[in-house]
2 protein chains.
Amino acid sequence: MATDRVKMLVKASSRLVLAEHVEPQDDMRAERARASFASRNVAEALNGGKEVLEKRSRMVAQLEKLPWGQKSQRAFLSREQEYVQALRAAMGIWQLMQSGQLSIEDGLEMRNLLAFPGGLELHIGMFIPTILSQGNDEQQKHWLPLAQSLKVIGTYAQTELGHGTFVRGLETTATYDAESQQFIVHSPALSSTKWWPGGLGKTSTHIILMARLFINQKDYGLHAFVMQIRDLSTHLPLAGITVGDIGPKFGYNGVDNGYLIFDHAPIPRNAMLMRYAKVTPEGKYVPPPPANAKASYATMVYVRATIVEDAGWYLARAATIAVRYNAVRRQTAASAGDKELQVLDYQNTSATLLPLVAVAYALIFMGKSAMGMYKQFEKGRDKGDFSMLPELHVILSGMKAVSTWTAADGIEQCRRGCGGHGFSALSGLPNLFASYVQNVTWEGDNNVLCLQTARHLLKSCETATAGKAVHGSAAYLTASQQEKSGKCKVASAMDWRVTDVLVMALRHRAARLAFEGHDLLHKRGKGTLHFEGPAWNGMTVHLIRMARAHSQLVLLMTFAEAVQQAQVEPTARKVLEQLVALHGITTLLTELGDFLIDGHVTPSQARTLQEQQHELLVELRPEAVALVDGFGFEDYQLNSCLGRSDGNVYNALLQAAKSSPLNQTEEGPAWHSVLKSWLDPATRQEARSKL
Amino acid sequence: MATDRVKMLVKASSRLVLAEHVEPQDDMRAERARASFASRNVAEALNGGKEVLEKRSRMVAQLEKLPWGQKSQRAFLSREQEYVQALRAAMGIWQLMQSGQLSIEDGLEMRNLLAFPGGLELHIGMFIPTILSQGNDEQQKHWLPLAQSLKVIGTYAQTELGHGTFVRGLETTATYDAESQQFIVHSPALSSTKWWPGGLGKTSTHIILMARLFINQKDYGLHAFVMQIRDLSTHLPLAGITVGDIGPKFGYNGVDNGYLIFDHAPIPRNAMLMRYAKVTPEGKYVPPPPANAKASYATMVYVRATIVEDAGWYLARAATIAVRYNAVRRQTAASAGDKELQVLDYQNTSATLLPLVAVAYALIFMGKSAMGMYKQFEKGRDKGDFSMLPELHVILSGMKAVSTWTAADGIEQCRRGCGGHGFSALSGLPNLFASYVQNVTWEGDNNVLCLQTARHLLKSCETATAGKAVHGSAAYLTASQQEKSGKCKVASAMDWRVTDVLVMALRHRAARLAFEGHDLLHKRGKGTLHFEGPAWNGMTVHLIRMARAHSQLVLLMTFAEAVQQAQVEPTARKVLEQLVALHGITTLLTELGDFLIDGHVTPSQARTLQEQQHELLVELRPEAVALVDGFGFEDYQLNSCLGRSDGNVYNALLQAAKSSPLNQTEEGPAWHSVLKSWLDPATRQEARSKL
């Protein structure tokens, strides 16, 4: 124990050291006092109203009391623990819904708040919906009650070891045997092993099987079947089934993605989902009516709309964490005796984070707009009107790509923007990135989706070139025939804040790229447009850029319009308008090469563009914390030591670290087995010579 | 069991399905046959000769037989297992060295091959080197034998919860008590908790403590001390010490990064490393001679040279995995009956991967050059000549940033380029990224290092403006005074392959940015250059861009020169020259906005630049696999199911997945505890009502 004399000595040193110290909570309070608008007002507008936020708070309080609702140990779970606990939590919610304590809608909200993906994801997201959309009445009546009461758990088995994007290439076969009135399901090659389905590894008892249907040696292409793979009493695989978990992944490790090999596994004829296509007992194939293709297309479009919506919210989480931490994180004093500077006050920090805040807002509004369009399409569809589908497809394919690229890269930028602590799992950022980034790959690889949008744009160019009108988001391709030589009208730097100026530049570039792509493909196809083959495959860089340019244009226009219509106070709208300008300007700066090649923007205009971004960063700096507060997250949702609303980050890190499994004993797990024989003077020599 | 009749039926389906099937091993063989040069020749040149590669193969064979040398289970380890096993492996190598079975040099090579960072990293990398550089003779004589025989294990405790980059802001105090002739070490605030040191959590018995020295209430700034923190016989923390692990991180989880809080902990006076600064028994401070600052600077420069060298090799690993997998991965057939296309044949895939191969080569050569410069500096330093230090510093600060950004982002691009399987831990890519990406943050945050290079460039501009000569890599700032208005001389697309044309463009841009930065800082400082404070902090975006431009120029010049001097056959040199062009062109395309603002490159030249990149991608496509073979990695090093040299990727994935801990039982770990009560018909109702 230190004597009083020593304590006095040390106290004098401490006093000198702490003279420049600032408590992070004080910084956070000061930040909130600086903002010009009420963040709560924005949070209500973004989240659907005061009641939604209040209900959410109550639900968080409820979750925090439930044994499976705790999040404090998440970062420390082994993969096995993560799998079991995620499943237990999902079952907990299911139980609350079944017992009537929770509506289905509230159950979904609770799932979102819990954010603990596990073995039931595809049961909910694909197994039940596929039966609903492709099962006939009898099949729905049989399977839906079983699935809804979890008497069976299903997944969706489509992708294979060697086949993902190109579904026509799937190799698993379902061969009809008229004699036994069964399909025989078989994996003809290693590469046809089913691979990736979530919940397949150890959870699911049933699958929606996607397999190539063969009748009398004729290939009828992919069809869907419901198939049992595990015994309900023992959970052991049935005969002819080899099934298991595919191992750990970058993220999403609560989910038991699985593999599955079929060895002449029989299923009854009525296992085929027969709402559209049918196979008769004697083996006659009845093809689906033509509208069916459009209907299954609509499902993909819906999923992409949800991905776009989610992208903004995921990025918003990371931005909230990074902005809050960098508001209380201080680094480098100009001279001795000065306080260190808040890291958010370095231009490069705000130049990284504030545009990410802006694009998170843009994507959230874009997601709302996309979902609104989808709902409108649904109304038409129910009356047999599919006319909105092509436009939804062209917007959502490219936007799925742009939104997930932006969100994934943005989350990682936020993580890096938190310095060393951003590398700690306790920041919440590594898991946010590693779990989110799969979105650039699944549900249509981003590059492949861009090519789909590009195809539509090229067809629109063909229409425009023929002098006909183009409708929808690509309508500018008609007008642009006149606009092509248009020049940007920016005279002074402030002109860059005008939405129309930004839109015009993005439109000019999108049109230029589209027509260039059109001309190139035309030339390569010697007068006709081939949307596959060597000519197409050899220019995919340009095609992807075209789709990105189109999507960036749609995003800015949608953002600007949504801000004008948002239910917010004038002070908030003013700041949101600055965000629109910042987003547009940043997009132009990121793609500056394109605009200069266009000839639309001159080098001196480009310089003022940079200046104007810097101006906006300075103006928006005092609003930064309020802007991320405006997303309206609960601390429970962020589950981040750095992103805490109160700014008390260092205490949170230290308290959380104490739970690290390595700290269960003072000596740590390697002392007896590895270290002692080297370090302990009593046993060292002897022990080591035995190694 | 299926009857023979059924088997015949299924076989007919399989035959139809497999007609277009290609075995990945066959693709891989065909790829190797296409190349125009011998990859082994390049691998030898890059790795230091035939003998090095042969020795490496022998060492891999040795490692594969050692119990701690296995890598097949790495992806499945819990964090605790990873920590213990990494330490066991490190001890295994130490034991081989101590027993004379392995030279120190070979021990280091084995560490590289094993690639299993653990609790000894900072013992080797910082504890021993700091004692060597800052301990006096007596201290070295005492500590080095103990450290080298692992009777003590040390780490380097500098960073704190609230302090990383700005070392002057560290808060831990060491107050000298002349009466007891001890320093009293104390943590005056939560934010002064030591945080991050590798091996601190559960492994180290000793630390190099960096603390602010106080004598008689006077602050002498940071000094280094050797301090024991754990008892050698029990491994328990000593009095006044609270120490533990900081919890899991994005990657690097075999390392027990730790926290440490001091409560009036005493250490003897001779614990201070006194080679330079000293404290006498009566408490008189003897300052270090001025050369010491330069010497400790030199250590940082050395570490950065190793980081630059590593960057290329890490990126090369990812590129090897991605190129090999995309050479055997096939996706999408143009028409039924066609074989699916190798994914590397899609332009966007090669446009992503081949430039990454090119820049990996560039960085490997850059690393060799940097290390060569460092060695040359060392020779001078030993004679008291520090004149090379500023130039090394300006190159290596910016290059550390550019190389680690390039490698980290490139690894992630390679991962995404492998589609769904790139998300699997079995690809090796998630761990490669998550463990590598810390390099953008540690040993000088990249943004902060860029500011250091920028500072030097601005000073050089000042020199050039005064009409004096600038030496070293920034010499172009003098000449550029005349060159400023120079225009790019490219007339036809092929001109872009000329190294001088590319260098000229990069030089023009670097000079333009540097002088613009100079003028701006001048203006803001009203005639003087202030390298800190609001003027500086408010233009860091430009300053970072300046440093990046300079570093990109140095990288291209170094790459081009190294290829000319490389000991390779003419066929190989020709391909390497194409890589130099591809690297230069890609750099220009990535930063195209800058070149167009420059006015150095015209829009029509920019178009030919894009065309020329596409040409090179086509020409280099047949060389792709040979180029990654040219890095010379063993499969053991890559430890990737996708990166296998033989291309047998799908079998590797399936075999590896079978080891997943979730597959230990057929039912999986959630069956009894969670699933059975819902699914098992015998017990379902009853069990669930108890929930």
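The values are calculated or read from the model by the stated rules, or taken from the named source; none is laboratory data. Source: prediction; values computed, not measured. Counting neighbours? That spans all protein chains shown, and the Cβs are built from the backbone with ideal geometry, glycine included. Areas reflect the complete protein model, heavy atoms only, side chains present, ligands, DNA and RNA absent. Shrake-Rupley method; radii C 1.70, N 1.55, O 1.52, S 1.80 Å.
Structure data summary
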{"read-out": "DSSP-loop GluC sites (Glu not before Pro) across the stretch A:95-199, with at most 14 other Cβ within 10 angstrom", "value": "A:E179"}
{"read-out": "R0 of 35 Å, Cβ-Cβ distance A:E443-B:S604: FRET efficiency to nearest 0.05", "value": "0.30"}
{"read-out": "Gyration tensor verdict on chain B (Cα atoms; rounded if a/c is under 1.5, prolate if a/b is larger than b/c, oblate otherwise)", "value": "oblate"}
{"read-out": "Cα gyration tensor, the stretch B:137-280 - rounded (a/c under 1.5), prolate or oblate", "value": "oblate"}
{"read-out": "The stretch B:527-587, dipole about Cα centre (Lys/Arg Cβ +1, Asp/Glu Cβ -1), debye to the nearest 20", "value": "120"}
{"read-out": "Over chain B: helical MRE at 222 nm, DSSP H runs n ≥ 4 each giving -39500 (n - 2.57), nearest 500", "value": "-17500 deg cm²/dmol"}
{"read-out": "3J(HN,Hα) from dihedral phi, the stretch A:349-359, Karplus parametrisation 6.51/-1.76/1.60, rounded to Hz, x for glycine, proline", "value": "5, 5, 5, 7, 7, 5, x, 6, 4, 4, 6"}
{"read-out": "For the stretch B:546-564 and the stretch B:606-638, distance of Cα centres in Å", "value": "19"}
{"read-out": "Inter-copy spacing of A:A333 label points, which lie 7 Å from Cα along Cα→Cβ, given in nm from shortest upward", "value": "7.2"}
{"read-out": "For A:L146, inter-copy label distances in nm, listed shortest first [label point 7 Å out on the Cα-Cβ vector]", "value": "7.0"}
{"read-out": "Accessible area of the stretch B:294-629 divided out per residue, in Å², using a probe of 1.4 angstrom", "value": "34"}
{"read-out": "Amide hydrogen neighbours beyond the local backbone of B:D177, cut-off 5 Å, H modeled", "value": "B:Q182, B:F183, B:I184"}
{"read-out": "Those trypsin sites (Lys or Arg not before Pro) in the stretch B:481-539 that DSSP places in a loop and that have at most 16 other beta carbons within 10 Å", "value": "B:K484, B:K487, B:K489, B:K526"}
{"read-out": "Förster-model FRET efficiency, 41 Å R0, B:L53 and A:E532, C-beta, rounded to 0.05", "value": "0.45"}
{"read-out": "Eligible aspartates and glutamates near A:K11 by straight Cα distance, threshold 14 Å, same-chain separation 8 or greater", "value": "B:E171, B:D177, B:D219, B:D263"}
{"read-out": "Antiparallel bridges, percent of DSSP beta bridges restricted to chain B (to nearest 5)", "value": "80"}
{"read-out": "Neighbourhood net charge (15 Å Cβ-Cβ; Lys/Arg +1, Asp/Glu -1) for B:Q134", "value": "+2"}
{"read-out": "Members of B:K151/B:K368; A:K202/B:K249; A:K50/A:K339 lying beyond 29 Å, as alpha-carbon distances in this model show", "value": "B:K151/B:K368; A:K50/A:K339"}
{"read-out": "Where labels lie 7 Å past Cα in the beta-carbon direction, separation of A:D219 and B:S673 in nm", "value": "4.6"}
{"read-out": "Share of carbon and sulfur in the accessible heavy-atom surface of the stretch B:470-611 [1.4 Å probe, %]", "value": "56"}
{"read-out": "Surface accessible to a 1.4 Å probe, per residue, for the residues of the stretch B:122-288, Å²", "value": "32"}
{"read-out": "Between the stretch A:513-535 and the stretch B:346-406, the alpha-carbon center distance in angstrom", "value": "42"}
{"read-out": "Where labels lie 7 Å past Cα in the beta-carbon direction, separation of B:Q565 and B:T665 in nm", "value": "6.4"}
{"read-out": "Derived scalar couplings ³J(HN,Hα) [the stretch B:16-29; Karplus, 6.51 cos²θ - 1.76 cosθ + 1.60; whole Hz; x for Gly, Pro]", "value": "5, 5, 8, 4, 9, 6, 10, 6, x, 4, 5, 4, 5, 4"}
{"read-out": "Hits among lysines - C-alpha to C-alpha of A:K375 under 23 Å, sequence gap 8 or more where chains match", "value": "A:K294, A:K383, A:K400"}
{"read-out": "Loop trypsin sites (Lys or Arg not before Pro), the stretch B:350-436 (other Cβ atoms within 10 Å of the site Cβ: 15 or fewer; DSSP)", "value": "B:K383"}
{"read-out": "Assigned charges on the beta-carbon of Lys, Arg, Asp, Glu; the protein assembly as shown dipole about Cα centre (debye)", "value": "320"}
{"read-out": "Reachable lysines from A:K65, criterion Cα separation under 22 angstrom, eight or more residues apart if same chain", "value": "A:K55, A:K658, B:K690"}
{"read-out": "Electrostatic dipole magnitude of chain B [Cβ: Lys, Arg +1; Asp, Glu -1; Cα centre; debye, to 20]", "value": "300"}
{"read-out": "Inter-copy separations for B:P129, label at 7 Å along Cα-Cβ, nm, ascending", "value": "5.3"}
{"read-out": "For A:M91, solvent-accessible area (1.4 Å; no DNA, RNA or ligand), Å²", "value": "10"}
{"read-out": "Distance from the stretch B:429-502 to the stretch B:230-291 (C-alpha centre basis), Å", "value": "39"}
{"read-out": "Modelled FRET efficiency - R0 22 Å, B:V503 with B:K574, Cβ distances, 0.05 increments", "value": "0.65"}
{"read-out": "Long-range HN-HN contacts of B:V470 with modeled amide H, under 5 Å", "value": "B:T478"}
{"read-out": "Positive-end residue of B:A90, A:C641, A:A38, charge dipole of the protein assembly as shown with Cβ unit charges", "value": "A:A38"}
{"read-out": "Estimated vicinal HN-Hα couplings, Hz - the stretch A:89-103 in sequence order (Karplus 6.51, -1.76, 1.60; Gly, Pro = x)", "value": "5, 4, 5, x, 5, 4, 4, 4, 6, 5, 7, x, 6, 9, 6"}
{"read-out": "Built amide H within the under 5 Å cut-off of B:D231, gap 5+", "value": "B:L236, B:L238"}
